[in-house]
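Chemist: Before anything else, here's the structure in question.
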Amino acid sequence: MSRTRLRAARLGPRDVLHVGAAGLRSRPVRIVLSALGIAIGIATMIAVVGISASSKEQLMRQLDALGTNLLVATPGESMFAGQDVKLPKEAPGMVGRIDGVRQVGATGDLAESVRRSEKIPEEETSGIAVKAATEDLLKVLRGGVGRGTWLNGASGRYPSVVLGHVAAGRLGVTEPGRQVWIGDRYFTVVGILDPLPLAPEVERSALVGWAAAQRLLGFDGHPTSVYERSADASVREVRALLAATVDPRNPQNVRVTDPSSALRARAATEGAFSTLLLGLGGIALLVGGVGVANTMIISVLERRHEIGLRRSLGATRGQIRIQFVTESLMLSGLGGLVGVALGAAATGAYAVSGGLPWVVPPWAVGGGFGATLLIGTVAGLYPAVRASRLSPTLALHAA
């Protein structure tokens, strides 16, 4: 007489999802609270990475718009103490002859102060410098005039002034046409500049034409800063030649700087302070995982009758383990999806409020959601194994 060996029925993917979701539907409040812990951890991590990426993207866009091919030559320190270093008057013209240089502009510091009127004491300058400026300066800096116009061949010869963005705010000037007191006379404000991230010294200055500065304010014609814009491929070569070209006799007295290096450094270190916050988000995620494990253990204890009944009807230990691991994965996955949505929304709110591009790196979303599934698997293993080891007889008897 042949014996027929009984085999346990296999659970298909649909059946696994069905039995895994049964426990979630029966305890909605507990499930929501457990998933919330996972959601908070993931939201924190996504928001930190997204905010950092948005800020970095803003800096990179500024660099693309402003360029990284701007160099500035300024007087350095003299070898002899107490001796002032002056750049030659011919420096801007000589720099323009360097192969690869496309644009050259210059400013020269003046000893005069700028005030809203002659009735304000001379010492109350609000930290605003007065500079002579060449006509090509704004093109070299890739700046813009927010209101009014820039200095030209006509206005640069008469008592006209263009205010930097910060200088205009400190003087309380919001529209062209106002007059400010420079030296011993009034100058008419013909323009107000937009912010200049690569030239903060210009933002804080009142700019007059080169010719007007020499004729009306006693400017000696020696530039204080020479700005040059070269081809991207020629920046290194131009930098090597710039000091010797500006002052062939004393190149050691010329300092050459790259204004865009500060923005590049900020972009490179943008995520430095996010490491701590990512750690805090990871801790919150682990706490959420502990909550999921606790919920699953309680679920096993409360559902011993169900487990015993399923085991008595032929469910294998493996099927019981799969059921509870799936339930844990679904619980963590639910929290992960909510956390990703909350983190992306928080990043979007921050970006909109700060005028930044909204950037959420795909790797952050994928990595965060993958972390929730990993935590869900780990958190569900012990309860699943414990459930599979329950004796059907004892489970039904305890119920």
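The values are calculated or read from the model by the stated rules, or taken from the named source; none is laboratory data. Everything quoted here is computed from the prediction, not taken from an experiment. All Cβ positions, glycine included, derive from the backbone under ideal geometry; neighbour counts span all protein chains shown. What goes into the accessible areas is simple: the full protein's heavy atoms, side chains included, and nothing from ligands, DNA or RNA. Shrake-Rupley method; radii C 1.70, N 1.55, O 1.52, S 1.80 Å.
Chemist: State which residue is farthest from ARG215 (Cα to Cα) when the search covers only region 91-112 and only residues that are assigned to a loop (DSSP other than H, G, I, E, B) and in contact with a strand residue (DSSP E or B) (Cβ under 7 Å, 6 or more places away or on another chain).
Modeler: Only one residue fits best here, namely GLY100.
Chemist: Additional query: Can you pull out every residue in region 223-243 that is aliphatic (A, V, I, L, M), at pLDDT below 90 and within 10 Å of VAL101 (Cα to Cα)?
Modeler: Of everything in region 223-243, those that are aliphatic (A, V, I, L, M), at pLDDT below 90 and within 10 Å of VAL101 (Cα to Cα) turn out to be ALA231, VAL235.
Chemist: For residues that are without any contact (Cβ under 8 Å) to a residue 40 or more places away in the chain and either assigned to a loop (DSSP other than H, G, I, E, B) or not basic (Lys, Arg) (or both), scanning just region 221-247, find the one that is nearest to SER113 (Cα to Cα). Reasoning before the result, please.
Modeler: To start, the set of residues in region 221-247 that are without any contact (Cβ under 8 Å) to a residue 40 or more places away in the chain comprises 236, 240, 244.
Those still in the list that are either assigned to a loop (DSSP other than H, G, I, E, B) or not basic (Lys, Arg) (or both) too: 240, 244.
Values: ALA240: 36, ALA244: 33 Å.
Top of the filtered list is ALA244.
Chemist: Right, here's the next one. For VAL72, state whether it is outside any helix (DSSP H, G or I), at pLDDT 85 or above and either under 30 Å from ASP136 (Cβ atoms) or not acidic (Asp, Glu) (or both).
Modeler: Criteria met by VAL72.
Chemist: Among the residues in region 213-230, are any among the small types (Gly, Ala, Ser) and more than 22 Å from PRO88 (Cβ to Cβ)? Steps first, please.
Modeler: Looking only at region 213-230, we keep the residues that are among the small types (Gly, Ala, Ser), and these are 213, 218, 221, 225, 230.
From the residues that got through so far, the ones that are more than 22 Å from PRO88 (Cβ to Cβ) too are none.
Checking region 213-230: not a single residue is among the small types (Gly, Ala, Ser) and more than 22 Å from PRO88 (Cβ to Cβ).
Chemist: Here is a further query. So which of ARG97, ARG102, ARG115 ends up being more than 21 Å from THR245 (Cα to Cα) and either among the basic types (Lys, Arg) or within 36 Å of the chain's Cα centre (by Cα) (or both)?
Modeler: Details: ARG97 fails: more than 21 Å from THR245 (Cα to Cα); ARG102 fails: more than 21 Å from THR245 (Cα to Cα).
Residue meeting the stated conditions: ARG115.
Chemist: To continue, here is another question. Taking region 332-353 as the region of interest, how many residues are farther than 19 Å from THR44 by Cβ and in contact (Cβ under 8 Å) with a residue 60 or more places away in the chain?
Modeler: Total meeting the criteria: 0.
Chemist: Let me ask another. Looking at the structure I just gave you, is LEU356 out of contact with any strand residue (DSSP E or B) (no Cβ under 8 Å at 6 or more places or on another chain) and within 23 Å of ARG30 (Cα to Cα)?
Modeler: Working: out of contact with any strand residue (DSSP E or B) (no Cβ under 8 Å at 6 or more places or on another chain): yes; within 23 Å of ARG30 (Cα to Cα): no.
Taking the combined requirement at face value, the residue does not satisfy it.
Chemist: If you don't mind, another one. What residue, of ALA199, ALA154, ALA133, ALA168, is out of contact with any Phe, Trp or Tyr (no Cβ under 8 Å at 6 or more places or on another chain), open to solvent by less than 70 Å² (accessible area, probe 1.4 Å) and in contact (Cβ under 8 Å) with a residue 12 or more places away in the chain?
Modeler: On the way: ALA199 fails: out of contact with any Phe, Trp or Tyr (no Cβ under 8 Å at 6 or more places or on another chain); ALA154 fails: in contact (Cβ under 8 Å) with a residue 12 or more places away in the chain; ALA133 fails: out of contact with any Phe, Trp or Tyr (no Cβ under 8 Å at 6 or more places or on another chain).
Matching residue, one of ALA199, ALA154, ALA133, ALA168: ALA168.
Yes/no matrix, rows are residues, columns are (1) open to solvent by 30 Å² or more (accessible area, probe 1.4 Å); (2) more than 24 Å from GLY282 (Cα to Cα); (3) modelled with pLDDT of 80 or more:
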site	(1), (2), (3)
THR316	yes, yes, no
ILE320	no, yes, no
GLY333	no, no, yes
VAL352	yes, yes, yes
ARG386	yes, yes, no
PRO392	yes, yes, no
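Chemist: I need the full set of residues from region 177-196 which are in a loop (DSSP other than H, G, I, E, B), open to solvent by 50 Å² or more (accessible area, probe 1.4 Å) and on the phi < 0 side of the Ramachandran plot, in order please.
Modeler: Result: ARG178, ASP184, ASP194, PRO195.
Chemist: Another question, then. If I go through region 292-303 residue by residue, how many of them are surrounded by fewer than 19 Cβ atoms within 10 Å (Cβ to Cβ) and modelled with pLDDT of 70 or more?
Modeler: Summing the residues that are surrounded by fewer than 19 Cβ atoms within 10 Å (Cβ to Cβ) and modelled with pLDDT of 70 or more in region 292-303 gives 3.
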